[in-house]
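Undergrad: Please find one structure pasted underneath; my questions will follow.
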Amino acid sequence: MFDSEQLKQVDPVYFNIILADDMDVTIQSRNTGDYWYLHCAGYPTEGSCVIFHKHRFSHPYHQHGRGNSLRQAIRSVQNHDRWQMNGRK
């Protein structure tokens with residue numbers, strides 16, 4: 001489960017926060033407009049999460065990866081934004 005300290009790591013300046021609770025975080029990057037759904041899987045560790053991604057609101061999510069923590073998942077999203085904005089190859 002995500003606790004309140006972990007949820008505070010989601011920067012409301014960087015992200016449009018759509019939903020944030022103890023199991024799920026749905027955010028939109030203000031830089032790229034991409035949508036991200038971070039789901040707390042609780043396995044193999046309590047804070048592990050699955051990262052889902054989509055480019056448009058009307059598109060379905062696809063699995064983008066996994067994170068050992070919410071912080072790591074957010075860094076993965078920000079790294080993807082940097083890659084996207086620097087002209088992906």
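The values are calculated or read from the model by the stated rules, or taken from the named source; none is laboratory data. Values in this document were obtained by computation on a predicted structure and should not be read as measured data. Here Cβ is always computed from backbone atoms with ideal geometry, including for glycine, and neighbour counts include all displayed protein chains. Ligands, DNA and RNA are excluded from the accessible area calculation, which covers all protein heavy atoms including side chains. Shrake-Rupley method; radii C 1.70, N 1.55, O 1.52, S 1.80 Å.
Undergrad: Could you figure out which of (1) open to solvent by less than 90 Å² (accessible area, probe 1.4 Å); (2) at pLDDT below 95; (3) under 14 Å from residue 2 (Cα atoms); (4) outside any loop (DSSP other than H, G, I, E, B) isn't true of residue 84?
TA: Result: residue 84 fails condition (3) only.
Undergrad: Got a sec? Which of 76, 69 is in contact with a Gly (Cβ under 8 Å, 6 or more places away or on another chain), open to solvent by less than 90 Å² (accessible area, probe 1.4 Å) and either of a type in the set (Val, Ile, Thr) or touching a residue at least 40 places away in the same chain (Cβ under 8 Å) (or both)?
TA: Residue meeting the stated conditions: 69.
Undergrad: Select from region 51-66 the residues that are in a loop (DSSP other than H, G, I, E, B) and not charged (D, E, K, R) and write down the one among them that is least open to solvent (accessible area, probe 1.4 Å).
TA: The extreme case among them is 55.
Undergrad: Can you name every residue in region 55-89 that is touching a Ser or Thr at 6+ places or on another chain (Cβ under 9 Å), over 19 Å from residue 39 (Cα atoms) and small (Gly, Ala, Ser)?
TA: Result: no residue meets the conditions.
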